[in-house]
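Where a number appears in this text, it was derived from the coordinates with a stated rule and is not lab data. None of these values were measured; they are calculated from a predicted model. Cβ: placed from backbone, ideal geometry, glycine included. Neighbour counts: every protein chain shown.
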Amino acid sequence: MLWIVGILAALVVLICCIRMGVLVTFAGQSAVVELKIALFHIQCYPAKENGKAAQKQAETAAKAVDKAVKKELPKFEDIREAAKALWPPLRRALGRLGRGIRVDPLDLRVILGGARDPAQTARMYGYLHAGIWTIMPAMEELVEIRKPYLHVGVDYENTETILHGQIGISARLGTLLRAALSAGIPAIRWFLQHRKNMSAPTQAAA
């Protein structure tokens, strides 16, 4: 009986040591999401399909997504509220986990489209720069970030915000489980409260 328990314990330890992560590649207004498990890469989005029917379906889906994501830039109040609620538990979780989380690569170029509302875009440009200079030094102390590169620009002739580059986040499965338990519950609470606050004005107007 004891040797069965020992084998199960060894399997649990081995599973917790497996490195998992996500790699997101941005190209304009499209993105490719890959799940990384040890040495294997699995493309999660968009799904790999062949044939003209699949291509037509992908184009239709892309148009639908394009219509859905054409929204205003997030308000500064929302960003500040999210940072205020989520950063303390996330910082505590990262502090306990040490440098078990690896960010590699981190190469992002964000071009804000400012033709629709130049004033708001300029404010968002300032907020993003302030956030980068405030958060990045703290993140580099808490997690392993290899050769980060972040650039934010503004294009006042276009309306769409465009992202280029890659971001990859990986950690051992045991580390991910501990991080999810530490920071997941506060994140869910904030999300539910945020949705409640967003729906309140609509219900009041009705």
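Taking 0.36 nm per residue of separation and subtracting the Cα-Cα distance, full extension of the segment from Glu140 to Val33 would add 36.1 nm. Annotation: for a label point projected 7 angstrom from Cα along Cα→Cβ of Cys16, residues of segment 173-193 with backbone N closer than 12 Å are 173-179. With R₀ set to 30 Å, the beta-carbon distance separating Lys196 from Ala119 gives a calculated FRET efficiency near 0.55.
Highest average first, the peptides 172-178, 84-90 ordered by how many other beta carbon atoms sit within 10 Å of their residues are 172-178, 84-90.
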